[in-house]
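The values are calculated or read from the model by the stated rules, or taken from the named source; none is laboratory data. Everything numeric here is computed off the predicted structure, so don't read it as measured data. Reconstructed Cβ throughout: ideal geometry from the backbone, glycine too, with neighbour counts over all protein chains shown. For accessibility, only protein heavy atoms count, side chains too; no ligands or nucleic acids. Shrake-Rupley method; radii C 1.70, N 1.55, O 1.52, S 1.80 Å.
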Amino acid sequence: MNEVALQIDQARVLVVDDDPANVLLLEKILDRGGYANVQSTTDPCKVKAMHQKWSFDIILLDIRMPELDGFQVMDQLAKITENDYLPILVLTAQIDSKTRLTALEKGAKDFLTKPFDQAEVLFRIQNMLEVRLLYKQRLWQKEILEAKVRERTQELRASRLEIVGRLARAGEYRDNETGAHVIRMSKFCQRLALAVELGGDRSEMILHASPMHDVGKIGIPDGILLKPGKLDAEEWAVMKTHADIGGAILDGENSDVIRMARSIALTHHEKWDGSGYPAALAGADIPIEGRICALCDVFDALTSERPYKKAWSMEETLALIEDNQARHFDPGLMGPFKEILPDLVQIKESHPDSGSDFKILS
């Protein structure tokens with residue numbers, strides 16, 4: 001016996017007829033035909049609940065029954081099988097066109113005329129179950145394909161986020177900053193993005209994109225990048241090119257995260273009043289992700305200790321930020337920023353500069 005026949009033999013069959021003699025006859029025919037999962041009822045009021053429990057592959061349904069006729073039973077089944085193909089084989093002694101048309105309209109797929117012929121019963125059931133089996137196989141294949149697509153999408157996303165983390169780490173290895181700065185800043189950005197109601201998906205994207213804000217520092221000479229003293233005008237001009245370098249490194253990628261990372265790399269040094277770099281953008285011309293990162297980057301830099309400076313107090317930091325709103329920072333961010341300040345302090349305490357493992361993406 002082939003695989004299709006084996007699956008058909010295991011099909012779940014329900015016989016519904018108010019006449020026990022008809023039920024018994026059909027049960028015997030089905031048993032002789034090799035069907036092992038057959039249930040029956042003489043009460044049409046039980047059909048809906050039975051199908052919800054057992055999910056039958058075919059229902060042999062009488063039309064003329066008390067309390068609920070076959071048409072009413074089909075109406076009930078239609079409400080719970082909207083996204084399914086359920087073969088209904090109508091049992092009837094009436095062969096008039098009105099009965100047949102009404103049954104087909106209600107969802108019947110074929111008819112068996114009483115009295116029953118054993119060979120006809122088995123052939124019609126087998127034909128209907130083959131269609132049912134093909135329908136289920138198509139659903140299984142669709143589910144398998146969708147699962148593979150989801151898995152591949154997750155793998156691709158994980159690979160891209162891995163690239164994000166490694167690029168961010170590469171940038172930090174060449175800078176005076178620590179890996180913890182990148183972690184803190186990215187989490188600050190996500191929290192502020194949520195506070196200004198950018199939504200969960202976009203806020204998470206900012207979390208993953210913001211670690212690459214300074215990736216362009218890879219292209220800055222060590223003599224300038226690591227200089228312990230103040231940069232002169234020429235050196236500062238070179239240092240400012242890291243924004244454009246970062247944009248160039250991240251250019252040409254279709255990933256939403258990388259595109260946002262490029263936007264952040266290019267705009268996190270722009271200022272609200274247009275005095276920033278590299279493009280001297282002003283106000284709302286600066287993308288919101290760039291405005292958010294500008295504020296969070298400065299906040300963490302000021303409140304962190306470095307070899308060349310001590311950490312500022314929270315009061316000193318907030319005073320400077322407030323003094324620079326509408327000049328350096330988007331004034332619309334100030335209210336939400338102050339509201340989430342306790343969360344930012346907690347993030348900062350959870351990710352000290354020592355012992356950072358650079359797990360930005362968790």
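Quick notes on this structure:
- Residue in the range 291-307 that is basic (Lys, Arg), open to solvent by 20 Å² or more (accessible area, probe 1.4 Å), modelled with pLDDT of 95 or more and assigned to a helix (DSSP H, G or I) present: yes
- All helices (runs of 4 or more DSSP H) inside the range 310-357 with 1 or more residues being open to solvent by 50 Å² or more (accessible area, probe 1.4 Å), aliphatic (A, V, I, L, M) and without any contact (Cβ under 8 Å) to a residue 40 or more places away in the chain: 314-323
- Of all residues in the range 3-50, those being part of a loop (DSSP other than H, G, I, E, B) and touching a Ser or Thr at 6+ places or on another chain (Cβ under 6 Å) number 1.
- Yes/no for residue 87 being under 23 Å from residue 33 (Cβ atoms), without any contact (Cβ under 8 Å) to a residue 60 or more places away in the chain and touching a strand residue (DSSP E or B) at 6+ places or on another chain (Cβ under 6 Å): yes
- Matching residues in the range 120-149 - criterion: being open to solvent by 50 Å² or more (accessible area, probe 1.4 Å) and either in contact (Cβ under 8 Å) with a residue 60 or more places away in the chain or more than 41 Å from the chain's Cα centre (by Cα) (or both): 120, 123, 124, 126, 130
- Answer from 81, 113, 42 - the residue that is in contact with a helix residue (DSSP H, G or I) (Cβ under 8 Å, 6 or more places away or on another chain) and closer than 20 Å to residue 23 by Cβ: 42
- None of 15, 47, 23, 90 is farther than 24 Å from residue 130 by Cβ and open to solvent by less than 40 Å² (accessible area, probe 1.4 Å) except 23.
- Taking the range 77-109 as the range and being in contact with a Pro (Cβ under 9 Å, 6 or more places away or on another chain) and charged (D, E, K, R) as the test, only 109 passes.
- Selection status of residue 105, at pLDDT 80 or above, more than 30 Å from residue 253 (Cα to Cα) and exposed (fewer than 14 other Cβ atoms within 10 Å of the Cβ): yes
- Selection of first residues in the range 90-108 that are outside any strand (DSSP E or B) and of second residues that are of a type in the set (Lys, Arg), restricted to Cβ pairs under 8 Å at least 6 apart or on distinct chains, gives the following pairs, ordered by first then second residue: 93/64; 93/114; 94/64.
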